[in-house]
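The values are calculated or read from the model by the stated rules, or taken from the named source; none is laboratory data. Please read these numbers as outputs of a predicted model, since none were measured by experiment. FYI the Cβ positions are ideal-geometry reconstructions off the backbone, even for glycines, and counts take in every protein chain you see.
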Amino acid sequence: MSENATPRDERTMYIDPHVHMVSRTTDDYEAMRDAGVVAVIEPAFWLGQPRTNIGAFQHYFNMLVGWERFRAAQFGIRHYCTIGLNAKEANNEPLAEEVMDLLPLYAAKEGVVAIGEIGYDDMTDAEERFFHEQLDLAKELDMLVLVHTPHRNKKEGTSRSMDLCEEHNLDPTRVIIDHNNEETVEEVLDRGFWAAFTIYPETKMGNERMVEIVREYGTERIFVDSAADWGVSDPLGVPKTAQLMLERGLPKEAARTVCYDNPLAAYGQSGQIAEEDWLNPPAIDQRQVYSGNSVLRGGRDPVVEDPADRRKDSIIIE
Amino acid sequence: MDRSRVIELLDRWIAEAAPDEGHRWVQEKQEEIAGGAPNRVFYTSFSAVPRYTGKADLDLSAADREAAEEARAGWRPGDWSVDQAGRSRLVLSLPSEDRDAYLSTLDRVFTHADMNESVALYQTLPVLPYPKAHRARAAEGLRTNITAVFNAVALHNPYPAEQFDDGAWNQMVLKAVFVGSPLYAIQGIDRRANAELARMLVDYAHERWAADRSVTPELWRPVGPFAEGAMLDDLERVITAGTPAEQQAAALALAQSPTDRAATILDAHPELRDAVQRGALTWGRLAREAMDAADHAVENAA
Ligand SMILES: [Zn+2]
């Protein structure tokens, strides 16, 4: 193993609490499992281009609670999701109304850990309207909320998101504010919310900055995710960040807290994700079929065992 | 069917198997739904049941199983889990006076159901109002490739034998053989046997043999009463050269055939013939022994 290769420590477990696996390949699942990722949470989001009819949302939600969960299980990874209408697509109001009508059929299904990711994108009136309506839904169903904070106007958007949650009398310990940075972290923690950080190349956080945030703010209510999706992103964002924390002199417990314990504590409040799910897992059996499909094709042997360390990437993501 | 008795039993079993607050939650929700709450209340509560009741087995006593049978012939909730009972209970609280509105709500929840929800819905079929209205939906459930969902329709369920025409029935039995679901668990398997099904099953056996593969001995059960001509040649071959379980199955099938030739073939195997006549060899016993053997094979492989 080269000096920069991803570490393989059998005792280290990670959770990636924000990753869009429908856009990722089986290579990614294998690499994540090899790096120690035991569970992933897939927030409902947009797909890079806006959907134009309700059936597309229905199939997407079905995928999150069915096929993708099965696909992950084939690689020994437990898959959970959040259900919600994202901010970008809230701007098509007639369609957004139909989605609001569909959400009650998916929000409380097994393995759905929160309403999300919801929030602001351009901070339009339509975004605000469906943000409110979905906070009502979360309140009605006694569910957690995952808030996506905007890329532009982030500081104001983040404050305003927390204002809305408070207006709806949501307990801040049951709300996860995601995509934080150095500008937003202090207020989010001061107001008692969970602060998630997305290690995403170029546009969000690099993991060297993340190490410094943990050094400065500690580990309480802070956790890390990859938000890997259909863009240039890294599904090993969580394990690489944990490794970098160790290399930069932070204690092992700190890495474990922000890359495993905290996301589990935050989303565990839903009652839908628990450590036993992967500590006592069903055996990996890639021969299982779901809806007539196996992940395997072309007669490949149905076994997943130690594919050689094929990733020799640097652990630094910038 | 005594639907109010079904509901009473479900309420008692949920109270016994769910935590107190889970049981109270189901009661609250069923009252809201029965009282005409908006559909979203039904949809969200139906999904959320396991969050409140947990998923323990009902673990019904022999007396409870009898009570179920009395309330609705063929109703078999004995092996259900408490969340399945809770979901059934909520479906049974939907107001059904307005037939169209009722069926459209039911249709919507079926359409969007995940795997465990589908299982609970199909298990509830035999106690729903408007039994004839669910035939297409039940047939849809058989087209799934998720075995748990298929089994919820096909096994331990009186609905198919009561409502399916021969076409749907025959497809169901053939698929049960194909996916390895036990035929003894199909209610009405003997009563609904027919000549066309016998032909389909024997054709299937020939396909398997041509590929050098075996078929479940239970395949011969619906064939027996309609076995004639070339089918008797097959049964003669099986009773002579099959595995012990296959030989027993062939004996049972031959004993059910009304033809003289079947009796002649069976007479050449007096031990098997006598076992059938004494009642020592039955389809039920054969199926149980086959299941035990399969369990041992799994244990030995593990
Ligand atoms: Zn996302």
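What's the number of the only condition in (1) within 14 Å of chain A (Cβ to nearest Cβ); (2) crowded, with 16+ Cβ neighbours inside 10 Å; (3) under 20 Å from B:D79 (Cα atoms) that B:A148 fails to meet? Here B:A148 clears every test but (2). Of the residues making up the stretch B:49-70, those that are crowded, with 20+ Cβ neighbours inside 10 Å and part of a helix (DSSP H, G or I) number 6. With a requirement of 2 or more residues that are more than 14 Å from every other protein chain (Cβ to nearest Cβ), within 28 Å of A:G271 (Cα to Cα) and of a type in the set (F, W, Y), the helices (runs of 4 or more DSSP H) lying completely within the stretch A:81-188 that satisfy it span A:125-141. Exactly one residue out of B:A185, B:A161, B:A176, B:A154 is farther than 30 Å from A:W67 by Cα and not assigned by TED's automatic domain parsing to the domain that holds B:D107: that is B:A161.
Residues in the stretch B:16-40 that are surrounded by 17 or more Cβ atoms within 10 Å (Cβ to Cβ) and either within 20 Å of A:G271 (Cα to Cα) or hydroxyl-bearing (S, T, Y) (or both): B:A17, B:A18, B:G22, B:H23, B:W25, B:V26, B:K29.
Here A:V65 fulfils each of the conditions (1) touching a Cys at 6+ places or on another chain (Cβ under 7 Å); (2) within 16 Å of the ligand (Cβ to nearest atom) apart from (2). Scan the stretch B:131-140 and give yes if some residue there is free of Cβ contacts under 8 Å to residues at least 40 places away in the same chain, within 18 Å of B:R89 (Cα to Cα), surrounded by fewer than 21 Cβ atoms within 10 Å (Cβ to Cβ) and in the same structural domain as B:R87 (by TED's automatic domain parsing), otherwise no. There is at least one residue in the stretch B:131-140 that is free of Cβ contacts under 8 Å to residues at least 40 places away in the same chain, within 18 Å of B:R89 (Cα to Cα), surrounded by fewer than 21 Cβ atoms within 10 Å (Cβ to Cβ) and in the same structural domain as B:R87 (by TED's automatic domain parsing).
Could you please let me know if A:V232 is surrounded by 19 or more Cβ atoms within 10 Å (Cβ to Cβ) and out of contact with any Leu (no Cβ under 7 Å at 6 or more places or on another chain)?
On the way: surrounded by 19 or more Cβ atoms within 10 Å (Cβ to Cβ): no; out of contact with any Leu (no Cβ under 7 Å at 6 or more places or on another chain): yes.
So A:V232 does not fit the description; no.
Being among the hydrophobic types (A, V, I, L, M, F, W, C), within 23 Å of A:P43 (Cα to Cα), part of a helix (DSSP H, G or I) and more than 16 Å from the ligand (Cβ to nearest atom) is the filter here; which residues of the stretch A:206-254 pass it?
At the first step, the residues of the stretch A:206-254 found to be among the hydrophobic types (A, V, I, L, M, F, W, C) are A:210-211, A:213-214, A:222-224, A:227-228, A:230, A:232, A:236, A:238, A:242, A:244-246, A:250, A:254.
Those left that are additionally within 23 Å of A:P43 (Cα to Cα): A:210, A:222-224, A:227-228, A:230, A:232, A:236, A:238, A:242.
So of that shortlist, the ones also part of a helix (DSSP H, G or I) come out as A:210, A:238, A:242.
Once the filter is applied, which keeps residues that are among the hydrophobic types (A, V, I, L, M, F, W, C), within 23 Å of A:P43 (Cα to Cα), part of a helix (DSSP H, G or I) and more than 16 Å from the ligand (Cβ to nearest atom), the stretch A:206-254 yields A:M210, A:A242.
Just wondering, is there one or more residues in the stretch B:88-100 that are under 26 Å from B:A18 (Cβ atoms), out of contact with any Pro (no Cβ under 6 Å at 6 or more places or on another chain), within 13 Å of another protein chain (Cβ to nearest Cβ) and crowded, with 23+ Cβ neighbours inside 10 Å? Checked the stretch B:88-100: at least one residue is under 26 Å from B:A18 (Cβ atoms), out of contact with any Pro (no Cβ under 6 Å at 6 or more places or on another chain), within 13 Å of another protein chain (Cβ to nearest Cβ) and crowded, with 23+ Cβ neighbours inside 10 Å. Looking at the structure I just gave you, is A:I176 within 16 Å of the chain's Cα centre (by Cα), in contact (Cβ under 8 Å) with a residue 12 or more places away in the chain and under 19 Å from A:P50 (Cα atoms)? So A:I176 fails the test. The residues of the stretch A:170-205 include none that are more than 16 Å from the ligand (Cβ to nearest atom) and in contact with a His (Cβ under 9 Å, 6 or more places away or on another chain).
Which of the residues spanning the stretch B:38-48 are in contact (Cβ under 8 Å) with a residue 60 or more places away in the chain and either more than 7 Å from chain A (Cβ to nearest Cβ) or not in a helix (DSSP H, G or I) (or both)? Quick ask: steps written out before the conclusion?
At the first step, the residues of the stretch B:38-48 found to be in contact (Cβ under 8 Å) with a residue 60 or more places away in the chain are B:39, B:42-43, B:46-47.
Those that are in contact (Cβ under 8 Å) with a residue 60 or more places away in the chain and either more than 7 Å from chain A (Cβ to nearest Cβ) or not in a helix (DSSP H, G or I) (or both): B:N39, B:F42, B:F46.
Take B:D166 and tell me if it is over 15 Å from B:A287 (Cα atoms), at pLDDT 95 or above and outside the structural domain of B:A73 (by TED's automatic domain parsing). Show your work before the answer.
Working: over 15 Å from B:A287 (Cα atoms): yes; at pLDDT 95 or above: yes; outside the structural domain of B:A73 (by TED's automatic domain parsing): yes.
So B:D166 passes the test.
So how many residues does the stretch A:33-56 have that are within 16 Å of the ligand (Cβ to nearest atom) and either under 21 Å from A:A90 (Cβ atoms) or in contact (Cβ under 8 Å) with a residue 60 or more places away in the chain (or both)?
Of the residues in the stretch A:33-56, the ones within 16 Å of the ligand (Cβ to nearest atom) are A:40-51.
Next, from what is left, pick out any that are either under 21 Å from A:A90 (Cβ atoms) or in contact (Cβ under 8 Å) with a residue 60 or more places away in the chain (or both): A:41-51.
The total comes to 11.
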